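These notes concern the structure reproduced below.
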Amino acid sequence: MPKMPEDCTSMAEVREGVDATDRELVALLDRRFGYMRAAARIKPSREVVRDEDRKAAVITAARADAEARGLPAEEIAAIWETLVEASIAYELVEWDQLRD
């Protein structure tokens, strides 16, 4: 188990923590994309995959959460823009594959 950031005293410890966190983030993304597979299975038509209102709400929530945590909110919002667009693209592929 890597040290928490506030307990790190060397760059080796920092890098170990970053690497472990990156693995956790990929595991969380795997779960998130699982929800995209579920959405593709549930949504009745390809046209409802893209939901601009939902996209805006997700990005706004990420920005607000980042602000509350003292993180760079605009950069987090940009990451979420990319994440949501990648999720939509993935869901469209999944939707098509389920109906082929």
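The values are calculated or read from the model by the stated rules, or taken from the named source; none is laboratory data. The model shown is predicted, which means the values in this text are computed figures rather than measured ones. Quick reminder, even Gly has a Cβ in these numbers, built from the backbone with ideal geometry, and neighbours come from all protein chains shown.
Can you find, within segment 52-74, the residue that is farthest from the chain's Cα centre (by Cα) among those that are among the small types (Gly, Ala, Ser) and assigned to a helix (DSSP H, G or I)? It would help to see each step written out before you state the result.
Taking segment 52-74 as the starting set, the residues that turn out to be among the small types (Gly, Ala, Ser) are 56-57, 61-62, 64, 66, 68, 70, 73.
Keeping just the survivors that are assigned to a helix (DSSP H, G or I) gives 56-57, 61-62, 64, 66, 68, 73.
Values: ALA56: 14, ALA57: 14, ALA61: 12, ALA62: 10, ALA64: 15, ALA66: 13, ALA68: 18, ALA73: 15 Å.
Filtering segment 52-74 for residues that are among the small types (Gly, Ala, Ser) and assigned to a helix (DSSP H, G or I), the one farthest from the chain's Cα centre (by Cα) comes out as ALA68.
In this structure, THR60 qualifies as over 30 Å from MET1 (Cα atoms), surrounded by 11 or more Cβ atoms within 10 Å (Cβ to Cβ) and polar (S, T, N, Q). A count restricted to segment 77-91 and to residues that are farther than 15 Å from GLU52 by Cβ and of a type in the set (Val, Ile, Thr) stands at 2. Within segment 1-37, the set of residues being of a type in the set (A, V, I, L, M, F, W, C), surrounded by 12 or more Cβ atoms within 10 Å (Cβ to Cβ) and farther than 21 Å from ILE79 by Cα comprises CYS8, VAL14. Please verify whether TRP80 is within 22 Å of TYR35 (Cα to Cα), among the aromatic types (Phe, Trp, Tyr), in contact (Cβ under 8 Å) with a residue 40 or more places away in the chain and surrounded by 14 or more Cβ atoms within 10 Å (Cβ to Cβ), treating the condition exactly as stated. Spelling it out, it is not the case that TRP80 is within 22 Å of TYR35 (Cα to Cα), among the aromatic types (Phe, Trp, Tyr), in contact (Cβ under 8 Å) with a residue 40 or more places away in the chain and surrounded by 14 or more Cβ atoms within 10 Å (Cβ to Cβ).
Considering ASP53, ASP100, the condition of being modelled with pLDDT of 95 or more, loosely packed, with under 11 Cβ neighbours inside 10 Å and either touching a His at 6+ places or on another chain (Cβ under 8 Å) or of a type in the set (D, E, K, R) (or both) is satisfied by ASP53 alone.
Scanning segment 83-100 for residues that are in contact (Cβ under 8 Å) with a residue 24 or more places away in the chain and small (Gly, Ala, Ser) yields one hit, SER87.
ARG41 satisfies every condition listed in (1) of a type in the set (Lys, Arg); (2) under 15 Å from the mean Cα position of the chain (by Cα); (3) within 18 Å of TRP95 (Cα to Cα); (4) exposed (fewer than 13 other Cβ atoms within 10 Å of the Cβ) except (2).
What are the residues in segment 1-51 that are hydrophobic (A, V, I, L, M, F, W, C), touching a residue at least 40 places away in the same chain (Cβ under 8 Å) and assigned to a loop (DSSP other than H, G, I, E, B), if any? Within segment 1-51, VAL49 is the sole residue that qualifies. Taking ALA77 as the residue in question, decide whether it is aliphatic (A, V, I, L, M), more than 30 Å from GLU6 (Cβ to Cβ) and under 14 Å from the mean Cα position of the chain (by Cα). Answer is no for this residue.
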